[in-house]
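Report on one structure; see the data block that follows.
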Amino acid sequence: MATSLATLVLKPGREKSLKRRHPWVFSGAIAQVKGAAEPGATVRVVGASGEFLALAAYSPQSQILARVWSFDEHDVVDAKFVKTRIAASIARRELLFEPQRGQASGPASERISNAMRLVHAESDGLPALIVDRYAGTLAVQFLSAGIDAWREVIIPALQELTGCQNIFERSDAEVRELEGLEARVGALVGSAPVEPVAIREHDMQFLVDVVQGQKTGFYLDQRENRRRVRQLASGRRVLNAFCYTGGFSIAAMQGGANSVLSIDSSGPALEMARRHAQLNGLDSDKAQWLEGDVFQLLRKQRDARGEFDLIILDPPKFAPTAAHAEKAARAYKDINLLALKLLARDGLLVTFSCSGGVSADLFQKIVAGAAVDAGVDAQILDRLGAATDHPVSIHFPEGEYLKGLVLRRLT
Ligand code: SAH
C-alpha cells in the first residue's frame with residue numbers, strides 16, 4: 001500500500017527536476033525522511049508542500065538517494081511491475097530492428113546481430129539495470145541498491161522472457177561501491193562460460209569474455225560506428241587507439257584498409273583482438289598490435305613522423321561525472337591534438353568520448369581546441385552516438401554518454 005511507504009520530503013524549490021521527469025533525487029535535495037526504509041525499498045517523494053512527485057528506489061548510502069520508478073501515484077512497485085518493465089524493454093528491441101519490406105521473416109534483430117543490450121537502465125525505466133545479450137548468454141549488472149533489491153524477481157524473469165539458459169552477473173562496476181554494495185560476479189543461471197561466447201555483428205564474428213572482459217565483455221554501443229569505420233577504411237592506413245578486443249580494427253580490415261595499427265594497454269584484450277583477426281579470415285600481415293599507453297605511443301609515432309589516413313580514438317571514460325570534466329578535457333585534447341597531427345591531409349579522425357560528465361557540446365569544443373593547437377583545419381562530416389539498443393530517455397541527458405565526431409583534416 002502506497003500509504004505505508006516511507007516518504008522523502010524535498011527542500012523548497014528542489015522539486016523542479018522531478019517535475020521535468022528527471023529520474024534522480026540527490027541527497028542534498030532532501031529536507032526530511034519520514035518513516036523507516038531499508039536500502040532498495042520503494043519510497044514516496046514529495047515536494048516541500050507535501051505534493052506527490054514520484055515513487056522511487058531508496059539508496060541511503062548514495063549521493064543519488066533515490067531513483068524514480070514512476071511518476072504515477074497509483075502505480076504499485078511490486079514483482080509484477082518490475083517484470084512488466086523488463087518485458088517491455090525486451091520487446092522494444094525487436095521494434096528497433098524492424099525488418100525492411102520484403103525481407104525474410106524471423107526475428108529482425110537476428111539479421112543485424114545476435115548480441116544486443118536488452119535493458120539500458122534509466123532510459124528503459126529500470127534504473128541502474130544493464131542486461132546485455134550475447135547469443136544464448138545474458139550478462140547482467142545490478143548497479144544500485146534499488147535494483148539489487150529486485151534481483152530475485154529479475155533473474156527468473158530474464159530467463160523466462162529470453163529463454164537464455166546462462167545468466168552471468170558482472171556487478172563489478174565501481175559505482176556499486178557508491179551504493180554501499182559489494183562487487184558480485186558469478187553465474188546466476190547455468191554455469192559460468194568456460195570459453196568466450198561467440199557472437200555475430202553484421203557479418204563479423206567476435207568472441208566475448210563475459211567473465212573477465214571489460215564491462216559486460218563487449219562494447220555493443222559501438223556497433224553502428226564499427227560499421228561506419230568499415231565503410232570509411234578502404235585503401236587507408238588506419239590507427240585504432242584504445243582498441244580493446246579490436247572491434248574497429250576488424251571492421252577496418254574488412255573494409256579494405258591497407259594497414260591497421262592497433263594500440264591498447266590490456267594484453268588479454270590484444271590477445272583476443274588477434275584471435276578476432278584470425279576468426280574473421282583477415283590478412284594478419286596488415287595488422288599490427290601494440291601493447292602500451294596511447295598517450296606515449298602517439299607521441300612516439302609523432303616523433304617518428306608516422307602518418308595515417310584514418311584514426312580512431314575511443315578512450316575509456318576520463319570523466320565519469322561533470323566534476324572530473326576539467327581534467328578529462330586535458331586528456332581528450334591531448335590525444336586529439338596528437339591524432340590530428342598524425343593524420344595525412346584529407347585523412348579522417350573518428351573520435352569518441354564516453355564520459356557522462358562531458359557533453360557533446362563540450363566535447364566538440366575540446367576537439368576544436370585541439371585542432372587550433374595542432375595548427376590544422378578540419379571539417380565535421382558526421383556526429384555519432386550509441387547504437388539504438390542503447391536508447392536515451394529524453395528526460396535523462398546523462399544517458400547520452402557516448403558521442404563521437406567524424407572529422408576530415410583539411411590543411
Ligand atoms: N574501441 C573499443 C572499446 C575501447 S574501451 C571497442 O569498440 O571495442 C577503452 C580501452 O582503452 C580499453 O580496452 C582499455 O584497456 C584501454 N586503455 C585505457 N587506458 C589506456 C591507455 N592509457 N593506453 C592504452 N589503452 C588504454
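Look at residue 15 and say whether it is of a type in the set (D, E, K, R) and open to solvent by less than 40 Å² (accessible area, probe 1.4 Å).
When the stated conditions are applied, residue 15 passes them.
All but one of (1) open to solvent by less than 40 Å² (accessible area, probe 1.4 Å); (2) part of a strand (DSSP E or B) hold for residue 31; state the number of the condition that does not hold.
Answer for residue 31: the failing condition is (1).
Filter the helices (runs of 4 or more DSSP H) completely within region 112-201 down to those with at least 1 residues that are in contact with a Leu (Cβ under 6 Å, 6 or more places away or on another chain) and modelled with pLDDT of 95 or more. Step through it out loud before you land on a result.
Details: elements: 145-148, 151-162, 175-178.
Passing ranges, in order: 145-148, 151-162.
Go through region 308-355 and give me each residue that's touching a strand residue (DSSP E or B) at 6+ places or on another chain (Cβ under 7 Å) and not aliphatic (A, V, I, L, M).
Hits for region 308-355 are 308, 309, 314, 332, 336, 345, 346, 347, 351, 352, 353.
Under the condition of being within 25 Å of residue 343 (Cα to Cα) and not in a helix (DSSP H, G or I), which residue from region 267-283 is modelled with the lowest pLDDT?
Per the stated criteria, the residue is 283.
Restricting to region 207-248, count the residues that are more than 17 Å from residue 169 (Cβ to Cβ), more than 9 Å from the ligand (Cβ to nearest atom) and among the hydroxyl-bearing types (Ser, Thr, Tyr).
Result for region 207-248: 1.
Out of all the residues in region 252-269, which are near the ligand (Cβ under 9 Å from one of its atoms) and open to solvent by less than 50 Å² (accessible area, probe 1.4 Å)?
263, 264, 266, 269
Select from region 343-362 the residues that are more than 16 Å from the ligand (Cβ to nearest atom) and not in a strand (DSSP E or B) and write down the one among them that is modelled with the lowest pLDDT.
It comes out as 357.
Being open to solvent by 70 Å² or more (accessible area, probe 1.4 Å) and within 14 Å of the ligand (Cβ to nearest atom) is the filter here; which residues of region 276-293 pass it?
291
Of all residues in region 295-321, which are closer than 23 Å to residue 174 by Cα, crowded, with 19+ Cβ neighbours inside 10 Å and within 8 Å of the ligand (Cβ to nearest atom)?
314, 315
The values are calculated or read from the model by the stated rules, or taken from the named source; none is laboratory data. Since we're looking at a predicted model, the values are computed, not measured. Positions of Cβ are generated from backbone atoms using ideal geometry, with glycine treated the same way; all protein chains shown enter the neighbour counts. Protein only, heavy atoms only, side chains kept; ligands, DNA and RNA dropped before computing areas. Shrake-Rupley method; radii C 1.70, N 1.55, O 1.52, S 1.80 Å.
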